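The values are calculated or read from the model by the stated rules, or taken from the named source; none is laboratory data. Values in this document were obtained by computation on a predicted structure and should not be read as measured data. Cβ: placed from backbone, ideal geometry, glycine included. Neighbour counts: every protein chain shown.
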Amino acid sequence: MTDKSVLVLVGSLRAASTNRQLAEAAVALAPEGLALELFDGHHALPLYNEDVDVEGGLPESVVAYRRAVADADAVLVVTPEHNGTMPANLKNAIDWSSRPFGASSISAKPVAVIGTSFAQFGGIWAQDEARKAYGIAGARVIEVERFAVPNSMVRFAETHPKDDAELVEQLSAFLTAFAAALDEADEQQAA
């Protein structure tokens, strides 16, 4: 396996969110060959506005975000579900990474989406919406095992995800499958 840098975006802006904790656990559990790095700057992105998206006049937060996405080999999104869909800040981040059309930082970039939610299905609707939006934006959505953790507020009320043995096993398996999917995608592109 070739070493891969993976940018990790957390859809929740709350410092103590269970999705941030899940992302931290993923960073700690990354298998050999994957270097996961949390990106905290997408909270500073202004709402996408084509009038602001002008070369030479972009806000520094946009420049830094697009550079981080472009420099990464892949993106792992960890998102909660807000009112049955992805959080607005995550959709905004997708929009900023999707421009300029055809030459964007997310174009052909491998992306996987996981998450946890208080809801009984673990935020699968938000994950599906994020996958759809990334696909339309031009990313290469990696469809590996679904990873959605339900009832997060109860399950992680007193236990960090990294200390939940069952979750550690499942998250490790997901990350291994993600790494294998990235290698397979590289092999297909090289062929």
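On inspection, residue 174 qualifies as in contact with a Phe, Trp or Tyr (Cβ under 7 Å, 6 or more places away or on another chain), part of a helix (DSSP H, G or I), more than 15 Å from residue 21 (Cβ to Cβ) and of a type in the set (A, V, I, L, M, F, W, C). Each residue in the range 77-119 was checked for being farther than 26 Å from residue 184 by Cβ and part of a strand (DSSP E or B), and 3 pass. Looking across the range 38-71, just one residue is in a loop (DSSP other than H, G, I, E, B), within 17 Å of the chain's Cα centre (by Cα) and under 20 Å from residue 101 (Cβ atoms), and that is 45. I need a count of the residues in the range 106-116 that are free of Cβ contacts under 8 Å to residues at least 40 places away in the same chain and crowded, with 21+ Cβ neighbours inside 10 Å. Summing the residues that are free of Cβ contacts under 8 Å to residues at least 40 places away in the same chain and crowded, with 21+ Cβ neighbours inside 10 Å in the range 106-116 gives 3. Based on what the data block shows, is residue 168 surrounded by fewer than 17 Cβ atoms within 10 Å (Cβ to Cβ), assigned to a helix (DSSP H, G or I) and modelled with pLDDT under 85? No. Scanning the range 57-89 for residues that are in contact with a His (Cβ under 8 Å, 6 or more places away or on another chain) and hydrophobic (A, V, I, L, M, F, W, C) turns up just one, 88. Remark: pairs (first residue in the range 2-17, over 19 Å from residue 95 (Cβ atoms); second residue assigned to a loop (DSSP other than H, G, I, E, B); Cβ separation under 6 Å; 6+ apart in sequence or on different chains) = 3/33; 4/73; 5/72; 5/73.
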